[in-house]
Structures are given as C-alpha cells and as structure tokens.
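See below for the structure under consideration.
The values are calculated or read from the model by the stated rules, or taken from the named source; none is laboratory data. Note that the structure is predicted; figures quoted are calculated from it, not measured. Every residue, glycine among them, receives a Cβ derived from its backbone with ideal geometry; neighbour counts consider all protein chains shown. Protein only, heavy atoms only, side chains kept; ligands, DNA and RNA dropped before computing areas. Shrake-Rupley method; radii C 1.70, N 1.55, O 1.52, S 1.80 Å.
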Amino acid sequence: MRRPLVAGNWKMYGSRESIASLVSGLLQINSVVDVAVFPPYVYLQQVIKALADTTVGVGAQNVSEQRQGAYTGEISADMLKDIGCHYVIVGHSERRTLYGESDQQVADKFIAAQSVGLVPILCVGETLAQREQDETLAVIARQLDAVTAVAGIEAACKAVIAYEPVWAIGTGKTATVDQAQEVHQAIRQRLGAVAESTRLLYGGSVKAANAAELFAQPDIDGALVGGASLDSAEFGEICKLA
C-alpha cells in the first residue's frame, strides 16, 4: 500500500516569527499519513531543528543540478543533505515558467537529488493554453520521459510525482476530480512496472474544502499544498482528511 503524503510548499513567504508560529501549529497535528514542509532556504535549519523529534519531514523548494563550484547563489544537493533535509521539490511550475527551467535541467536536478539520498518531488503539469489545445497528456508524458530517460524508470518509485495543473496554482481554481484522476491514472500507466509503488500527489489550490474528494480517487496519494499550508489549522485538517 502507498502511504499518503501531504506536503506544504511555503514558497517565498515567512519570517522567523511566522515560521515559528507555523511550526508550533505543525506540532499539534496528529496524523497517520506522511507530512512534509518546504520552507524558504534561509529558514530550513530553523525548521529542521524545531521538528527534529517529530515525524514531519523537511525539504527544500529547489536545488542546483551542480555538485559544487563557482555558481553564485546556488545550493547543492550535498548542502541540503548536510543540514538534514529529506526531500526537495524539482520542476515546480514556477521554476519552469518564471525561471525558464527546461525538462533537461529538471532531470539533472532530479538526478542530483537522488545521488545524495534526497527524495525528489517531481512536479509535472500543463498550462491553460495546453489544456485548451488538448495537449495535457502529451505534456505530462514529455516531462516524465525527460526524467526517466536519464534516471531510469526505477528511479520513479524512489521519488514522488506531483501533478500540478499550472492554471490551478494560486488562482483559486482546482481541476475537477475527474480531470485530476484522469491525469494521475495516465501518469501511473506511463510508469509501467513501478506504477503501484510510486506516490502521486495533486497540487493546485488544494484546501480542506476539496481535499477529501481528491484523496478519495484511486490514483491520488496525497497533495502538494501551497497557500493553505501557510495556515497550520487548515493544513492540519488536510492532513487529517488524507
């Protein structure tokens, strides 16, 4: 059985005070599913230290594909592992669309993360224009294949894959349950032999109000939560629903 995972991406929000408050709320969550949070880089050690004696995992929102060197402003997978990270997000739609990360670069980051024992959460998803042109499944297949072509299909079951329709991130819009399940099912079919051992998350304006219906789908194993993860009570409720 695939153990559900609820991951909270805090994006570029927070201060030492607000992060401490969020962590305090996390400590009140009594969940039987896996829970992870992704603070901004500068607060990673604060959160790792505060959650050290809990089952809540901590990860980074991004990682360099380079191991080390003269790459000003970059953070390597070794560094993240060294401070106690367990997960790292790769290929988030905001990285792809705002910062021009290519499928190949995402694949390289995926490999860099796994090479040091980090668990990558690989994000895939289509834009509104791509959905309207009926290109959703082709886009997802291309993004997945770019990674498995270099990492191997077996690498998928040592990672987590998050489907995040770009048009539903931070917009208040959510893919219908049928739309979400259709894509998750297609991803699982694409994974072939490792499909049943790979966790698939849905990401895109997940809230307590819509989480239960999403989690009830056979191919959705949890969620990558954005804005709602900045409210510990709301995030806690999503974890309970999972």
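Quick notes
- Restricting Thr148, Thr97, Thr127 to residues that are open to solvent by less than 40 Å² (accessible area, probe 1.4 Å) and among the hydroxyl-bearing types (Ser, Thr, Tyr) narrows the list to Thr148.
- Residue in the range 112-123 that is modelled with pLDDT of 95 or more, surrounded by 20 or more Cβ atoms within 10 Å (Cβ to Cβ) and part of a helix (DSSP H, G or I) present: yes
- Residue list for the range 190-219, restricted to those being more than 20 Å from Ile29 (Cβ to Cβ), open to solvent by 10 Å² or more (accessible area, probe 1.4 Å) and within 15 Å of the chain's Cα centre (by Cα): Ser205
- Residue pairs meeting the criteria (Cβ under 9 Å; at least 6 apart or on separate chains; first farther than 15 Å from His184 by Cβ and of a type outside the set (Val, Ile, Thr), in the range 113-142; second assigned to a loop (DSSP other than H, G, I, E, B) and open to solvent by 50 Å² or more (accessible area, probe 1.4 Å)): Ser115/Arg67; Gly117/His86; Leu118/His86; Ala129/Glu135
- Some residue of the range 102-120 being over 25 Å from Asp78 (Cα atoms) and of a type outside the set (A, V, I, L, M): no
- Among (1) more than 14 Å from His86 (Cα to Cα); (2) open to solvent by 50 Å² or more (accessible area, probe 1.4 Å), the one test that Val23 misses: (2)
- Pick from the range 161-189, criterion buried (at least 19 other Cβ atoms within 10 Å of the Cβ) and hydroxyl-bearing (Ser, Thr, Tyr), ranking: nearest to Asp231 (Cα to Cα): Thr174
- Filter pass, Gly227 being under 18 Å from the mean Cα position of the chain (by Cα) and open to solvent by 40 Å² or more (accessible area, probe 1.4 Å): yes
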